[in-house]
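The structure under discussion appears below in the form of structure tokens.
The values are calculated or read from the model by the stated rules, or taken from the named source; none is laboratory data. All values derive from a computational prediction rather than experimental measurement. Cβ atoms come from the backbone with ideal geometry, glycine included; neighbour counts cover every protein chain shown. Keep in mind that these areas ignore ligands, DNA and RNA; they rest on the heavy atoms of the full protein, side chains included. Shrake-Rupley method; radii C 1.70, N 1.55, O 1.52, S 1.80 Å.
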Amino acid sequence: MALPPRLTQTLDFQAQALVLRSERQRVLASNIANADTPGYVARDMDFSKALHEATRHGTLNAGAPDGAAMSLTIARPVASHVGHMGLTGGGGVSTLAYALASQNSIDRNSVDMDRERATFADNSVRYEAALRFINGSVRTMLDAIKPHNQ
Amino acid sequence: MSMFQIFGISGSAVSAQSQRLNVVASNLANVDTVAGPDGKAYKAKQVVFQTELIGASQTMGAPADPVPSRAGVRVSTVQQDESPGRRVFDPKHPAADDQGYVTFSNVNAVDEMVNMIAASRAYQNNVEVMSTARSLLQKTLQLGQ
């Protein structure tokens, strides 16, 4: 017997995008903080791939007591991954890639400050965009369930 | 949530850069000090940065990060530059040794100025990261209102 879709199902995609955006924000902040550390290599996340991975499994484990019960309509139950791709963003960490070094440096530091700042600003705007989309969905839902008195 | 750790990461960077600025200030203040009677002049100091993981793994049951995705900075050591100080021939100087040479410190003022500019730029960048994270978190708090 299929579970009825949860009310928040439409929010899941944007919520996962928000989690991954904040994860990426943290990676970029680490890069900026270590701009002067010798031997540090800059990391980045492939965001679209991570989002695709996270939504492919079709579930958002928002702290449910047993993750196995959260199967959805688009479920492809890959049981071993259900706990991994949670709201903790654990999936994003293991797929960290290396940022290409633009200039060689004697101290082997590969952080390009200009690119990091630009990427950080870009990521911030997209984070806000995800927030707006969630807000819009929430308002639409509230509008739908509000009693409209004629 | 990941964004909260940004304060720890950027906070550590800000503190490390300000230590670096302190060292630069010490060096510049001692550019013209001469060797005392013990023959030891001021030696220029440099900070050495090292990556430091901020906060233990807080997600329950999550595997330990194999890569530092919350990598802060700390000052691991303050190294002294052991190259000999600048020697100037000036027999009339009160601190001149038997051959009439005075040993000044080995601080290179130009290097220190460049260091200072780099440190203050890095400081500003990290402060900007923190304030952006703060405003994003505040907007997140207002979700749905």
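So the values come out like this:
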| item | result |
| --- | --- |
| Test: residue in the range B:105-117 that is out of contact with any helix residue (DSSP H, G or I) (no Cβ under 6 Å at 6 or more places or on another chain) and assigned to a strand (DSSP E or B) | no |
| Selection count, the range B:89-145, where residues are among the hydroxyl-bearing types (Ser, Thr, Tyr), at pLDDT 90 or above and open to solvent by less than 80 Å² (accessible area, probe 1.4 Å) | 5 |
| Number of positions in the range A:1-51 that are assigned to a helix (DSSP H, G or I), hydroxyl-bearing (Ser, Thr, Tyr) and more than 8 Å from every other protein chain (Cβ to nearest Cβ) | 2 |
| Residues located in the range B:27-52, provided they are in a loop (DSSP other than H, G, I, E, B) and either of a type in the set (Gly, Ala, Ser) or in contact with a strand residue (DSSP E or B) (Cβ under 9 Å, 6 or more places away or on another chain) (or both) | B:VAL31, B:ASP32, B:THR33, B:ALA35, B:GLY36, B:GLY39, B:LYS40, B:ALA41, B:TYR42, B:LYS43, B:ALA44 |
| Count - residues of the range B:115-128 that are among the hydrophobic types (A, V, I, L, M, F, W, C), within 11 Å of chain A (Cβ to nearest Cβ) and out of contact with any Lys or Arg (no Cβ under 9 Å at 6 or more places or on another chain) | 1 |
| Residue within the range B:16-26 that is outside any helix (DSSP H, G or I) and of a type outside the set (Val, Ile, Thr) present | no |
| Flag for A:GLY86 being modelled with pLDDT under 85 and assigned to a helix (DSSP H, G or I) | no |
| Residue ID - most open to solvent (accessible area, probe 1.4 Å), chosen from residues in the range A:112-128 that are assigned to a helix (DSSP H, G or I) and more than 11 Å from chain B (Cβ to nearest Cβ) | A:ARG115 |
| Pair list, Cβ < 9 Å and 6+ apart or interchain, from the range A:124-150 residues that are without any contact (Cβ under 8 Å) to a residue 40 or more places away in the chain to residues that are open to solvent by less than 100 Å² (accessible area, probe 1.4 Å) and not in a helix (DSSP H, G or I) | A:ASN135/B:LEU143; A:ASN135/B:GLY144; A:ARG139/B:GLY144; A:LEU142/B:GLY144 |
| Residue in the range B:66-83 that is farther than 29 Å from A:ARG117 by Cα and surrounded by 14 or more Cβ atoms within 10 Å (Cβ to Cβ) present | yes |
